[in-house]
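**Q** Input: one structure, supplied below.
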Amino acid sequence: MTDQKEMEAASHHVVSPIIYIIIGGTLLVLTGVTVWASFLELGIFNPIVAILIACIKATIVVLFFMHVKYSSKLTKLTVFCGLFTFLALIGMTLADYFSRAWGRW
Amino acid sequence: MSDSTALAHAEHGHEEHPAYLRHHFENVEQQADAAGFAMWLFLLTEVMFFGGLFTAYLIYRNWYYPAFVQASHQLDIFWGTLNTAVLITSSFTMAMGVWCAETRRRSGLVLCLVLTFILGLGFLGIKTIEYKEKIDKHHVPGFHYSLQSFLNPQSDPEIYKEYKDKPLALDMARHTEVYFSLYFAMTGMHALHMIIGIAILGFMIFRARAGAYTNGHVTFAENFGLYWHFVDIIWIFLFPLLYLISRHQ
């Protein structure tokens, strides 16, 4: 039984609640920051700042709440590959749509 | 293969393995890794699914820019911000729930799951308030959709006094319906994920009260946590794209 518990402890990194509190607090603060930034006149940078903050929030959710920082290399690689494929698909699609004179509007 | 399996079993003493370890896995660690990996594969299909909606949104926003700007002025930033805070808090309570499961705290786990459940319902409640406003203003695509707020912005005094929008030409104003189609498709699909999540949470609260997840077998709670955080991430991107990025245009 002790054997099994040791095995669990070794395989399973338990993230401390303090980290969850810090991350939860950071996410709430960043939510406030992104709303505040949306009231500033930043021109073209308004959407850029908003998306950037959203990416930071999503990254810390994935790393800490979803434990990827403490996960196996296989999980890290899976998440990275998924993200890369997604960005490649969305990037190529948008580049095509935005650079071609097709479509009537 | 069978030799090494037999060896592994002999080494650890086969009778001693926990009841939740399936026989086709070597040990608990391998079983948890396999389940986590599968969960991530599922979440990646979800990323692609929502990704299609996000791409459609970006393309149409680019095409019908003035319509999208004015239509997004119809969304209430207060409710959007409050809902973001509610959802992030529910993600936090879910993460704490997984921690309680890992450290075998049964009542703590039940409390966290109940809080997550309530916050999830709170999110849907706020969403309902927002949807009702859209229905009242006839901003639901396909159901007596009204262009009034966009052809004559002054007829919508609350929005007008904040944004001073200029009237749109008819052919551009018609495209606000595309914005609301995507708005309802994206927030609706997100809400559907919330409803499914809340249903599973209800099931988990009953199971957790009976001692499940705190007996060392945390896989289900942990993978549900992944799903819940994923739904949170979708909202983290929906919120700025739908509510925030067109405030000044």
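The values are calculated or read from the model by the stated rules, or taken from the named source; none is laboratory data. Owing to the predicted nature of the structure, the values given are computational and were not obtained by experimental measurement. With ideal geometry, Cβ positions are generated from the backbone for all residues, glycine too; neighbour counts draw on all protein chains shown.
**Q** Among the residues of the stretch B:47-80, how many are touching a residue at least 12 places away in the same chain (Cβ under 8 Å) and polar (S, T, N, Q)?
**A** Number of matching residues: 3.
Here's the yes/no breakdown for (1) closer than 29 Å to A:Gly32 by Cα; (2) modelled with pLDDT under 95:
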| site | (1), (2) |
| --- | --- |
| B:Tyr131 | yes, no |
| B:Asp156 | yes, yes |
| B:Ser181 | yes, no |
| B:Ile198 | yes, no |
| B:Arg209 | no, no |
| B:Ile234 | yes, no |
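**Q** What number of residues within the stretch B:110-124 are under 17 Å from B:Trp79 (Cα atoms) and either touching a Ser or Thr at 6+ places or on another chain (Cβ under 6 Å) or modelled with pLDDT under 95 (or both)?
**A** 2
**Q** Could I ask something else about it? Taking the stated definitions as given, is B:Leu182 within 20 Å of B:Leu244 (Cβ to Cβ) and under 17 Å from the mean Cα position of the chain (by Cα)? Write out each step before concluding.
**A** Numbers: within 20 Å of B:Leu244 (Cβ to Cβ): yes; under 17 Å from the mean Cα position of the chain (by Cα): yes.
In short, yes.
**Q** Do you know which of the residues in the stretch A:31-67 that are more than 9 Å from chain B (Cβ to nearest Cβ) and closer than 30 Å to B:Gly36 by Cβ is surrounded by the most Cβ atoms within 10 Å (Cβ to Cβ)?
**A** Of everything passing the filter in the stretch A:31-67, A:Ile60 is surrounded by the most Cβ atoms within 10 Å (Cβ to Cβ).
**Q** Something else: At least 1 residues that are at pLDDT 90 or above, surrounded by 15 or more Cβ atoms within 10 Å (Cβ to Cβ) and out of contact with any Leu (no Cβ under 8 Å at 6 or more places or on another chain) in each: list the helices (runs of 4 or more DSSP H) lying fully within the stretch B:1-74 that qualify.
**A** Counting at least 1 such residues, we get B:28-63, B:65-72.
**Q** For the stretch B:80-103, does any single residue satisfy the condition of being within 23 Å of B:Tyr213 (Cα to Cα), charged (D, E, K, R) and more than 14 Å from chain A (Cβ to nearest Cβ)?
**A** So far as the stretch B:80-103 goes, no, none of its residues is within 23 Å of B:Tyr213 (Cα to Cα), charged (D, E, K, R) and more than 14 Å from chain A (Cβ to nearest Cβ).
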